[in-house]
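> One structure, as structure tokens, below. Some questions next.
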Amino acid sequence: MQPKKEVLPISAVVPTFNRPRSLQRTLDSLVTQNAIPKQLIVIDGSPGDDTQMAIEAWAAAVGSQCEVIYQRAFQLGAAVQRNQGVATATQPFIWFFDDDILFESDCVKRLWAAIKGDEAMGGVNAMITNQRYTTPGRVTRTLFCLLEGKRRKSYAGKCIGPALNILPEDNADLPDVAPVEWLNTTCVIYRREALPSPPFDSHFTGYSFMEDVALSLTVGKKWKLANARTARIYHDSQPAEYKSNQSALAGMELINRHYVMTRILGRTSAIDYAKLILLEAFGIVTPLVSARAWKSLPVVLIGKAHGIVKMLRWRNSSDHREVTQKIGAVS
């Protein structure tokens, strides 16, 4: 039995798939914190029983301090599994975190203090110590300036142009709780009242690239968002089958970025599309300094081409629905 900890009015939601050891390390890291959520909900897409056994053992060790709920995923996918977890949650705050992170000392308490201390704060995420903003070089800074339409001292934590989301900055000159324009779901707490229902749009399937950007931008229209710079985690990113499918990833990146740009940010002008083309071209060309990138270039281009076809089909069907709705409204 673990020693008594401060129990917070939070439902933690963790989607997982075939990562029992990684999830075990994450939960073992959680119990080293001086505060834990009142409820932990694990949505498991794994075919076997290893994850369930790990969760049951962890629940027994934690005891009654934390209500642990294990559910099989109704459908596979990061976004849809999180939605399933939120539907089960009972607490006024929702905490999303990945199954492959490690918490540093006092991380949970600092996250909690950041969102509890400001009633206008809709969501707060942790600083990922091995994935954070670095000062861009001259070429990248020029790209950022073109996409944003103006030059900034720092682009950290911004979402610029065609929905290019930039990581927050770990700078001692910044406040402990720094305003940002978007939040990742690696480790983030939201007020439940700030979340749409369901939180994640059905557009995002499978790996669900940029589902976190879409959600946080939606919340940020009415609520403040911030990065709790001193609430720190390490992202021990694990291999996964989807990460090896470069073609599918290339297509998903384009499709989902276009969706966020047009549907969430409402950026649909010719200039916005020109910026999207510029960003995509930059992402294809800059890695070509390596021989490996040249070898994978045909696969990436095929993925982008498939993405463009799907994107155009989606846009045409959306335009058709809008016209039909307008006709119906008139009649």
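> What does the helix-only formula give at 222 nm for the chain: each DSSP H stretch with n ≥ 4 adding -39500 (n - 2.57), the total divided by the residues, and the result rounded to the nearest 500 deg cm²/dmol?
Theoretical 222 nm ellipticity from helices: -13500 deg cm²/dmol.
> In addition: Relative to the present Cα-Cα distance, how much length would full extension add between VAL139 and GLN71 at 0.36 nm per residue of separation? Mind showing how you got there, number by number?
Working: separation 68, 0.36 × 68 = 24.48 nm, distance 4.71 nm.
Taking 0.36 nm per residue and subtracting the Cα distance, the gain is 19.8 nm.
> A follow-up question, please. Search the structure for amide H atoms under 5 Å from the amide H of VAL13, placed 1.01 Å from N in the peptide plane, and list their residues when 5 or more places away or on another chain.
ILE41, TRP95, PHE96, PHE97
> Enumerate the calculated ³J(HN,Hα) couplings along the stretch 285-299 in order (Karplus 6.51 cos²θ - 1.76 cosθ + 1.60, θ = phi - 60°), each rounded to whole Hz, writing x wherever the residue is Gly or Pro.
Per-residue couplings from phi come out as 7, 4, x, 6, 6, 10, 5, 4, 5, 5, 5, 8, 4, x, 5 Hz.
> Turning to a different aspect of this structure: How much of the DSSP bridge set in the chain is antiparallel, in percent, rounded to the nearest 5?
Taking every DSSP beta bridge with both residues in the chain, the antiparallel ones total about 35 percent.
> What is the chain's relative contact order, in percent, from Cα pairs under 8 angstrom and six or more apart in sequence?
Computed over the chain, the figure is 18 percent.
> While we're on this one: Which residues' amide hydrogens lie under 5 Å from the amide hydrogen of THR230, considering only partners 5 or more residues apart or on another chain, with H built in the peptide plane?
Correct list: empty.
> Now for a different question. Please work out how much length the chain gains when fully extended from ALA291 to ASP118, using 0.36 nm per residue of separation minus the C-alpha to C-alpha distance, in nm with one decimal.
Stretched out fully, the ALA291 to ASP118 stretch lengthens by 57.3 nm.
> Enter the Cα centre distance for the pair the stretch 120-162 and the stretch 1-32, rounded to the nearest angstrom.
Centre-to-centre distance over Cα atoms comes out at 30 Å.
> Accessible area per residue, 1.4 Å probe, Å², for the chain: what's the number?
49 Å²
> What angle, in degrees between 0 and 90 and rounded to the nearest 10, separates the Cα long axis of helix 20-30 from the longest principal axis of the Cα atoms of the chain?
Computed tilt is about 70 degrees.
> Taking the Cα atoms only, what angle lies between the long axis of helix 246-259 and the longest principal axis of the chain, rounded to 10 degrees?
The two axes meet at around 80 degrees.
> Roughly what angle does helix 138-148 make with the longest principal axis of the chain, taking Cα atoms, 0 to 90 degrees, to the nearest 10?
80 degrees
> Round to a whole number: what % of the accessible area of the chain belongs to carbon and sulfur, probe 1.4 Å?
56 percent
> Right, something else. If amide hydrogens are placed 1.01 Å from N in the peptide plane, which non-local residues have theirs closer than 5 Å to the one on ASP236?
For ASP236, whose amide H was placed from the backbone, the distant partners under 5 Å are ILE101, LEU102.
> Roughly speaking, what is the stretch gain from ILE271 to LYS38, that is 0.36 nm per residue apart minus the C-alpha to C-alpha distance, in nm to one decimal?
79.1 nm
The values are calculated or read from the model by the stated rules, or taken from the named source; none is laboratory data. Bear in mind the structure is a predicted one, so any value in this text is a computation, not a measurement. In case anyone asks, the SASA skips ligands and DNA or RNA and just uses the protein heavy atoms, side chains included. Shrake-Rupley method; radii C 1.70, N 1.55, O 1.52, S 1.80 Å.
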